[in-house]
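The values are calculated or read from the model by the stated rules, or taken from the named source; none is laboratory data. In this text, all values refer to a predicted model and were calculated from it rather than measured experimentally. Cβ placement follows ideal geometry from the backbone for every residue including glycine, while neighbour counts extend to all protein chains displayed. Heads up: the accessible areas ignore ligands, DNA and RNA and are worked out on the full protein's heavy atoms, side chains in. Shrake-Rupley method; radii C 1.70, N 1.55, O 1.52, S 1.80 Å.
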Amino acid sequence: MACDSAKGGHHGFTAGWWFAAAAVALITVIAARFNAGLADFVNTDPQGAGQVREVERFATGLVYTSGQSVGQAIAMVFGVFVPVGRHSQTALMEREEYSGKIRSALWGGAGLALANLATALLIGVLAGEWLVRSAVHHDYFDPELLGDVGVIMMVLLGFVGFLVWSLVGAVLKPMVGEGRRGKAILILSTLVALALNGFVNIQLTLMVLT
């Protein structure tokens with residue numbers, strides 16, 4: 001029975017991961033369309049090659065980092081639901097159990113980060129120019145800027161963010177129990193993660209790409 005329960009938990013975990021990955025990919029597509037329209041707000045009337053290049057970097061960075069804020073919140077929720085496994089009876093077994101949970105959260109967070117990155121890259125490479133042109137009055141998207149140091153830095157920071165938030169979810173797991181209190185904590189944590197991610201990512205984007 002214990003084996004069957006473990007298998008059932010593993011299958012549920014795998015199905016949950018695929019659902020989370022699909023949600024991250026979908027949100028990335030939606031966010032890319034929205035983010036592309038934000039390029040005009042950096043400088044509504046760029047003058048000279050330097051200012052135009054600045055807006056191009058910002059537009060390109062926005063497209064390639066689409067969906068990170070919401071995706072990282074999903075990674076946190078995913079971390080909360082990482083299965084604990086069997087209930088341990090000794091301190092050593094509890095530590096091993098906790099280490100396994102952390103590893104699962106990290107691997108899951110990395111997988112969600114790759115789902116986000118792969119979707120953003122496909123959008124940028126295959127449909128980026130159409131996306132930006134349909135969203136703003138000017139064509140600021142430059143696919144060659146994928147190799148820009150600032151854009152690469154934003155992509156890498158976003159990847160790390162997925163890992164951090166999946167770990168936050170794993171740490172929150174003991175607090176999120178059954179009943180209304182657990183649901184309230186999970187909802188509040190998700191809202192805080194969304195607000196914090198949005199603020200931090202905007203500030204980082206402005207600091208690194210402008």
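A few comments on the model shown:
- Selection within segment 14-61 - open to solvent by 30 Å² or more (accessible area, probe 1.4 Å), modelled with pLDDT under 80 and among the β-branched types (Val, Ile, Thr): Thr14, Val42, Thr44, Val52
- For segment 67-107, a tally of residues being small (Gly, Ala, Ser) and modelled with pLDDT of 90 or more returns 5.
- Residue pairs meeting the criteria (Cβ under 7 Å; at least 6 apart or on separate chains; first under 20 Å from Gln68 (Cα atoms) and of a type in the set (Asp, Glu), in segment 35-57; second modelled with pLDDT of 75 or more and surrounded by 15 or more Cβ atoms within 10 Å (Cβ to Cβ)): Glu56/Leu145
- Here the condition is being part of a helix (DSSP H, G or I), at pLDDT below 85 and either of a type outside the set (Val, Ile, Thr) or open to solvent by less than 50 Å² (accessible area, probe 1.4 Å) (or both); of Gly182, Gly169, it holds for Gly182 alone.
- Test: residue in segment 186-194 that is under 30 Å from Glu56 (Cβ atoms), touching a helix residue (DSSP H, G or I) at 6+ places or on another chain (Cβ under 9 Å), in a helix (DSSP H, G or I) and touching a residue at least 24 places away in the same chain (Cβ under 8 Å): yes
- Residue match in segment 128-141 (condition: open to solvent by less than 60 Å² (accessible area, probe 1.4 Å), part of a helix (DSSP H, G or I) and modelled with pLDDT of 75 or more): no
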